[in-house]
Each structure stands twice: as C-alpha cells, then as structure tokens.
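Q: Below: one structure in structure tokens.
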Amino acid sequence: MTTSTAAAQHGPVSTHILDTSIGRPAAGVAVRIAARAGRDADWRALGGSTTDADGRCKDLPAPPEGTTHVRLDFEVEAYFETHAEKRADTRQDAPANRDSGAGVFFPEVAVTFAVRPGEHYHVPLLLTPFGYSVYRGS
C-alpha cells in the first residue's frame, strides 16, 4: 500500500478502544490483524499488538500490496475479566443472571472492512460487556 501522511505517522491501520461502561480507554486488549486480496481469497494473519494506556493501537503491521479487505480481531474477554471490579456500578442495575453465563456477552469482536491503497484507516471500537459499536474514524 502507498503511504499517506496519516499512514506514515500511525501505519495504514490504527484503532482505539473506549470502554463506555466506565468511560475510560480499554488498555491491554490484544488486537490481531489479517488481510486478504479479494473477497474469495483466504485470510492471511499479519500479526498484532496490544492497546496502550490510552486504548490505542498505532503499531499494527501494514497490510501487503494488493489487500482489499482487512479484519481486526479484538480479544475483549480477558480485558473484561481483568477489569471486572471497575464495573461494579454498571452491574448494579443489570439483571443478576445474564443468559451468556459469563461476565461478557461478546468474548471477541471481529471487524472486517474494505481498503484502498494509500489511505489510512482508523477503526475505533466502543465497548461494553454486552455490546459494541464500531465506525471509521479519522
């Protein structure tokens, strides 16, 4: 991929995670990146990183030339298990027994998006133990 100014500063793909249940960045979340060249092609694992204290992942490996789709896999279950004590207030009004059988409904989040050469893709993840939202950032 050709690098633009943003891509040169952060890499072609970056992300950050905000834990909206506590209003803080989600630090220490493992993020893996994979790429493919066409919707029928096999996924190729590229590596990964871990979110920093600000919930940001700026050092993800760059997708190879010819990439048309990128997938980010967020391993959020371990984060929620580690930070369960911060969620005491959010569970106060929640039913005591959720149907997931665990403290987190989505143990991992996979986000797949289309890419074009030369563009930077920032993909923020807004997260709670029972839901998430994602969008293309800047």
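Q: What order do you get for ASP19, ASP42 when you list them from fewest to most C-beta neighbours inside 10 Å?
A: Fewest to most other Cβ atoms nearby, the residues stand as ASP42, ASP19.
Q: On a full-extension model of 0.36 nm per residue, what is the gain between ALA114 and SER133, subtracting their alpha-carbon distance, rounded to one decimal in nm?
A: The ALA114-SER133 span can extend by a further 5.1 nm.
Read-outs: derived from the displayed coordinates by stated rules, not from any lab. Everything numeric in this text was worked out from a predicted model, so none of it was measured. Heads up, the Cβs are rebuilt from the backbone with ideal geometry, glycines too, and the neighbour counts pull from every protein chain shown.
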